[in-house]
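The next block holds one structure in the form of structure tokens; read it before the comments.
The values are calculated or read from the model by the stated rules, or taken from the named source; none is laboratory data. Keep in mind that what you see is a predicted model, and the values were worked out from it rather than measured. Cβ: placed from backbone, ideal geometry, glycine included. Neighbour counts: every protein chain shown.
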Amino acid sequence: MFRSSPSLTVLAGFLLLYGCGESRQSLGEAYVAPASLNVRSQLSQKSSSVATLKHGDAVSIVDTMRRMVKVRTAKGFEGWVDSRELLSREQMQELQHERQEQARLPSEGTATAFETLNIHIAPSRGAAAFTQIPEGGSVTILGRQIAPRTPPSARPSSLLIERPAAAPRRSRKQASSRQSFKLPPKPKPPGPPANWKELSTERIGGEETQIAPPPPPAPEKKPRPVIMENWSLVRTPKNEIGWVLSRNLMMSIPDEVAQYAEGKNITSFFELGQVHDAEKGVKRNWLWTTLSGTLPYDFDSWRVFLWNARRHRYETSYRQRDLEGYFPVHVDPAETGRGRTFELIIKDKDGKLRKRRYSFDGTLVHLLGTEDYTRAAAKPANSVLDGKKLQPKAQRPGWLRRQWTSWKRRLSGGS
């Protein structure tokens, strides 16, 4: 029987301890995008979860497999996640910077959610959702944007690595049917007779049929139109800022005013003072902006409502239509004994943006002044892990070869 020498036993034990102490190579750092992310022990979605991470948690990338990546959590757990659910360090820093800027935006009114809504990090169905608005929950509107409608399954994968297709395997039946000799080639089929056209036009009754003309070419398929959707930038009572679909929100303006929307979407509203009615109690004057359909600007009309205490109803004080307006809409705070002033940003016919300042004295609206306005360009949303920031790991030698190479370097005095 073979017996191992003491020197080999010591060497094997040393290699085992050295291998256990060696840390795995890290490809980079990433951050969790969705509200909750399960880290799976294997690539299969049916495998057990080794850890559950939250939005913003940092992980280390240790391996990749197409769009799947193997991560190591802060507590040392390792498992597999989808790369589409991760953000790079640069994307996380950009997201935090955008949230700081968005936190300074003024309110454009409040809205209520029809049902439980996901709040996304970008105006896209494919962007990760990091929190939710409960049914009936209230949020503050900060802005709006249109984006093409894309299903969540259409999100690009940043780590998609195509492997070469494997050669087709022969079945056992094909392998067993191999013969040691080759059969002669099949003869060519005979050609048609010289008068095949005349033969093909003859009939039994002696009549000839006309050869049908070739069918017209099929019309070219037109590309499907891109469906655009309205998204709203909202802030929750917990100061969480993100994007939701506008169609699932209802602006919190009283119904007796909202009934005059004429089928348009109310994009913002502001109170312009109170009116005391002897029969109806305290009523408020309102400024709102509305939008028809899905357009690349924030409103196409604005209107001021006043409460008529004598007739006990709302009436229009001022209204403008067919314009191109942009947020933010600014309303000055109320001052005792004075009317309310507000500002609107509108694009004129010459293509330039101008800020117009108005005053409302409780009955009429007056234009106070106009000045040029420059609007900051919106940055495109990037909601997936950039593949350029995280390259797939190169193939490494086996564990035994790595340990043997390290041992030889130590014996030779190398570093």
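So for segment 8-22 (the condition being of a type in the set (D, E, K, R) and modelled with pLDDT under 90), does at least one residue qualify?
If we filter segment 8-22 for residues that are of a type in the set (D, E, K, R), which is where we start, we get 22.
Filter once more, so that each one left must be modelled with pLDDT under 90: 22.
Checked segment 8-22: at least one residue is of a type in the set (D, E, K, R) and modelled with pLDDT under 90.
Find all pairs meeting these conditions: Cβ atoms under 7 angstrom apart; at least six residues apart or on different chains; first residue within segment 295-307 and farther than 22 Å from LEU364 by Cβ; second residue outside any strand (DSSP E or B) and among the hydroxyl-bearing types (Ser, Thr, Tyr).
These pairs meet every condition: ASP300/SER292.
Pairs needed: first member in segment 101-122, touching a residue at least 60 places away in the same chain (Cβ under 8 Å); second member anywhere, of a type in the set (Asp, Glu); C-beta distance under 6 Å; at least 6 residues apart or different chains.
Once the first residue is touching a residue at least 60 places away in the same chain (Cβ under 8 Å) and sits in segment 101-122, its partners that are of a type in the set (Asp, Glu) give GLU115/GLU135.
Might you check whether a residue that is assigned to a loop (DSSP other than H, G, I, E, B) and modelled with pLDDT under 90 occurs anywhere in segment 72-88?
no
Can you find a residue that is within 25 Å of ALA376 (Cβ to Cβ), out of contact with any Asp or Glu (no Cβ under 8 Å at 6 or more places or on another chain) and of a type in the set (D, E, K, R) anywhere in segment 319-330?
We begin by selecting, within segment 319-330, every residue within 25 Å of ALA376 (Cβ to Cβ); these are 320, 323-330.
Pick out the ones that are also out of contact with any Asp or Glu (no Cβ under 8 Å at 6 or more places or on another chain) and you get 320.
Next, only the ones that are of a type in the set (D, E, K, R) stay: none.
Checked segment 319-330: no residue is within 25 Å of ALA376 (Cβ to Cβ), out of contact with any Asp or Glu (no Cβ under 8 Å at 6 or more places or on another chain) and of a type in the set (D, E, K, R).
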